[in-house]
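Step one of this worksheet: look at the structure below.
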Amino acid sequence: MKGVILAGGTGSRLRPITHTGPKQLVPIANKPVLEYAIDDLRDAGITDIGIILGNKGRDAIQQYFGDGDDFGVDITYIVQGEPLGLAHAVGCARDFVGDESFVVYLGDDLMREGITELVEDFDADEYAAGIGLQEVDEPSRYGIVDVDENDNVVGLTEKPDDPPTNLALIGIYVFTPDIFPKIESLEPSWRGELEITEAIQALIDDGRRIQSHVVHGWWKDTGKPGDVVHANRLVLDDLQTDIRGTVEDDESITGRVELGEGSIIEEGAVVRGPVSIGEGTRIGSNAYIGPYTSIGDDSEVDNVHVESSVTIGENVITADRTIIDSLIGREASITSSKGRRPAGDRFVVGQNSSLEL
Ligand code: G1P
C-alpha cells in the first residue's frame, strides 16, 4: 500500500508563524509536524509516500525531507498548486497510487497511537474506504459521521450545524481507487472547497460500504497557535530523557529532558521536564525552563521563566519575564528593557502577531 500526505495548506490560521515558513515544518518537541505523519506511515509498513504540496513553502519542505532516505522512506513530491480542498489534493495523487488501495494522512495532524491498526484492519474486498474517527466536543467544527444501530457508517457531513453524532473524521483515510471518479464529480462546497467528506458520501450513495475505526489515543490538529502549544504538551508527555549536550550541574535538571548536540545548560539554570531543547542552544544560569516547553535550535535563553511554550529556533529570549503558553517564531527575540530610559516595553511586532501582557 502507498501513503499520501496532504501538505498543501497555506497555514493561514497559524500566522504570523507561517509568514516565514510552511506550517508543515512547525516543530512539535523539536520535530516538524509533517515528520510525525511520515513516521506513522513508515511504522505501519508504508514506505512509498507521495507528499502533496501547495505553492507555499514547497522548497523548504523538499529541502528538509529530500528523497526520504534519511527518514527510511521513499518520497515522491506531487504539486497541487492552489489548494482547492482535500478532495482536490487526493485527486492529485491518482497517477502516483495507480490501481492500489492507499492511505491518506492529513499532514498537520498528530496521532498518539499511530495508524498501524487502522491500516491493517482495512478490508478492500468489503469496503470502498476506511476512515479514522474520534469523539469530539465540538462536532460542528469537523466532518461528522452518522451510524446505524450496528455502527455502520450511513452518512457523512462536513461541519454540520446539527451534528447527528460527535464522531469526527480525524484526517486519516484508506481509499481504493474508486474514490477518484467520485472526486471528479464533486462541486465546491459552501466554503468553496472540494470536500473529501462529500466524495466518501458519494460512495455510500452508490451502495458501497465504509469501514470505520475509532482511534483511542489522543489526536490533535495543529492548525492554530494554541493547538501547537497543546500538541507540544501531548507529545512531551511521552518524552524520553536524552542528553547529547552539556549539563554543567546535574542538579539543574529534574524530570525528563532532551538536550540536543552542542547545547548547554549552565550551572544555576533550572530545567523541569518534560522539556525538549534543540541543538546549539544555551540555557543560561538564570533561566528557568518549566514543564511542557520546547526550545528550538541555536537559541539563547537566560534571565527568564519559560513554561508550557514552544520556541521555534534562532531565538534570543532574555527578558525578565514569565512566558507561558506561548509560541515564538524563528529569529524572534524577547529581551529586557531594564535600565533603559525612558522606562517601558519596546516592540517591533509583525503582521498578525499577538501579545498578551
Ligand atoms: C478537515 C476535514 C474534516 C476533518 C478535519 C480533521 O477539516 O474536512 O472532515 O474532520 O479536517 O482535522 P479542515 O481542517 O479543512 O477544517
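Structure above, values below:
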{"quantity": "Beta bridge orientation in the chain: antiparallel %, DSSP, nearest 5", "calculated": "30"}
{"quantity": "Share of alpha-carbon pairs per 10 Å distance bin for region 202-348, given as whole %", "calculated": "12, 37, 26, 12, 6, 5, 2, 0"}
{"quantity": "Per residue convex hull volume, Cα atoms of region 226-292, in Å³", "calculated": "73"}
{"quantity": "Cα coordinate range in the chain, projected on the principal axes (Å, largest first)", "calculated": "72, 40, 40"}
{"quantity": "Förster radius 25 Å - calculated FRET efficiency between S285 and S333, Cβ distance, rounded to 0.05", "calculated": "0.80"}
{"quantity": "Cross-link pairs K56/K220; K23/K56; K56/K159; K23/K220 - those with Cα-Cα distance over 19 Å", "calculated": "K56/K220; K56/K159"}
{"quantity": "Spin-label model distance (nm) - D39 vs V147, 7 Å beyond Cα toward Cβ", "calculated": "2.9"}
{"quantity": "Quarter of Cα convex hull surface for region 20-91, i.e. mean projection, nm²", "calculated": "5.1"}
{"quantity": "Loop-located GluC sites (Glu not before Pro) in region 259-310 whose Cβ has at most 13 other Cβ within 10 Å (DSSP)", "calculated": "E261, E267"}
{"quantity": "Mean Cα-pair separation over length for the chain, i.e. relative contact order, pairs under 8 Å, 6 or more apart, %", "calculated": "13"}
{"quantity": "Helix-only [θ]222 nm of the chain, DSSP H runs n ≥ 4, -39500 (n - 2.57) each, per residue, nearest 500", "calculated": "-4500 deg cm²/dmol"}
{"quantity": "Descending Cα extents along the principal axes, region 171-261, whole Å", "calculated": "66, 27, 22"}
{"quantity": "Region 217-357: relative contact order in percent, alpha carbon pairs under 8 Å with at least 6 residues between", "calculated": "15"}
{"quantity": "Rg(Cα)/(2.2 N^0.38 Å) for region 284-324, N = residue count", "calculated": "0.99"}
{"quantity": "Contour excess over end-to-end distance, with Cα ends at T165 and T20 and 0.36 nm allotted per residue", "calculated": "48.3 nm"}
{"quantity": "Other-chain or far-sequence residues with amide H under 5 Å of V154's (modelled H)", "calculated": "D146, V147, D148"}
{"quantity": "Estimated distance in nm for a label pair at T47 and S189, the labels positioned 7 Å out from Cα along Cα-to-Cβ", "calculated": "3.6"}
{"quantity": "Inter-label distance for Q62 and L84, nm, one decimal - labels placed 7 Å from Cα along Cα-to-Cβ", "calculated": "2.2"}
{"quantity": "Bridge type composition, region 50-158 - antiparallel percent by DSSP, nearest 5", "calculated": "50"}
{"quantity": "Additional length obtainable on full extension of the chain from A124 to I324, 0.36 nm per residue less Cα span", "calculated": "67.3 nm"}
{"quantity": "Overall dimensions of region 105-214 by Cα: Rg and Dmax, Å", "calculated": "13.3, 35"}
{"quantity": "Size of electric dipole in the chain: Cβ of Lys, Arg +1 and of Asp, Glu -1, about Cα centre, debye, nearest 20", "calculated": "1740"}
{"quantity": "Per principal axis, descending, Cα span of region 1-125 in whole Å", "calculated": "45, 30, 25"}
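Since every read-out is calculated from the coordinates, none of them should be taken as a lab result. Model, not experiment: these values are computed from the prediction. Cβ sites come from the backbone with ideal geometry, for glycine too, and all protein chains shown count toward neighbours.
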